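Notes follow the structure.
Please treat every number below as a calculation from the coordinates, not as lab data. Since we're looking at a predicted model, the values are computed, not measured. Don't worry about glycine lacking a Cβ; one is built from the backbone with ideal geometry, like all the others, and counts go over all protein chains shown.
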């Protein structure tokens, strides 16, 4: 199902990654793999909204979200924004893929198949070549969906023991306008930023650690911002 676009200029991508520490690969898959993934994400009901309260992870499935009263939703939003003003905060929906190979093998799920594919074979060889890191062992993965009000504040993905080499974002949003938010921003040391607009069949790849964020999706956005995201990781943590 998943086949790399044979027209990708690997040498050019390798140079860009080495020079800039990040790149954006248009037309990542050949064929209709991106269409199949997008259709799957749109059809699913097993999304889990996640947010944090300090170091505590809070998860709300669709039923829990629907059972909130208007007052509870407003109180929750105000608490989320209060923490986002000065600390690390996120709010979006996710479908996680297990890291364990035996658990993945028992699941009939296209997102899991994507995670398996990106963890080995031609994909792993491709990422080792592009990043220059021959010790990349596997990739973890989660599907993400950002609706109006969802965002991710600045962080650098550097987490002890996770052995992350690079982060990836596989974009699955066919139609998007810059004004709708949901931009992947990279922060520099001089308070400057550069950003990427959500796209389709595009893979963003960047070294870890690197400060970045996702801007809040605005109320004017008529679509959700879909992606599959994760990290390319060295052996020793699976």
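Things to note:
- Over the residues of the chain, the helix contribution to mean residue ellipticity at 222 nm works out to -8500 deg cm²/dmol, using -39500 (n - 2.57) for each DSSP H run of at least 4.
- Rounded, prolate or oblate (a/c below 1.5 giving rounded, otherwise prolate when a/b exceeds b/c) for the range 142-219 by Cα gyration tensor: prolate
- When only alpha carbons are used to place a centre, the range 49-83 and the range 180-209 end up 26 Å from one another.
- Cα centroid separation - the range 1-30 against the range 151-178, whole Å: 17 Å
- For the peptides 205-211, 223-229, the ranking by mean Cβ contacts within 10 Å, running from highest to lowest, is 223-229, 205-211.
- Computed from Cα atoms alone, the Kirkwood hydrodynamic radius reported for the range 10-234 is 18.3 Å.
- For 47, 180, the sequence from fewest to most other C-beta atoms within 10 Å is 47, 180.
- Taken along the Cα-to-beta-carbon direction at a fixed 7 Å, the label points for residue 191 and residue 162 span 2.8 nm.
- Shape call, the range 78-202: gyration tensor on alpha carbons, a/c limit 1.5: prolate
- Cβ-Cβ FRET estimate between residue 64 and residue 101, R0 fixed at 35 Å, reported to 0.05: 0.70
- Computed FRET value (nearest 0.05) for residue 30 with residue 177, which takes r as the C-beta separation and R₀ as 30 Å: 0.65
- Contour minus Cα-Cα distance for residue 10 and residue 73 (0.36 nm per residue): 18.0 nm
- For the range 1-96: rounded, prolate or oblate by the Cα gyration tensor [a/c cutoff 1.5]: oblate
- Residue 81-residue 219 pseudo-label distance in nm [points 7 Å out on the Cα-to-Cβ vector]: 1.0 nm
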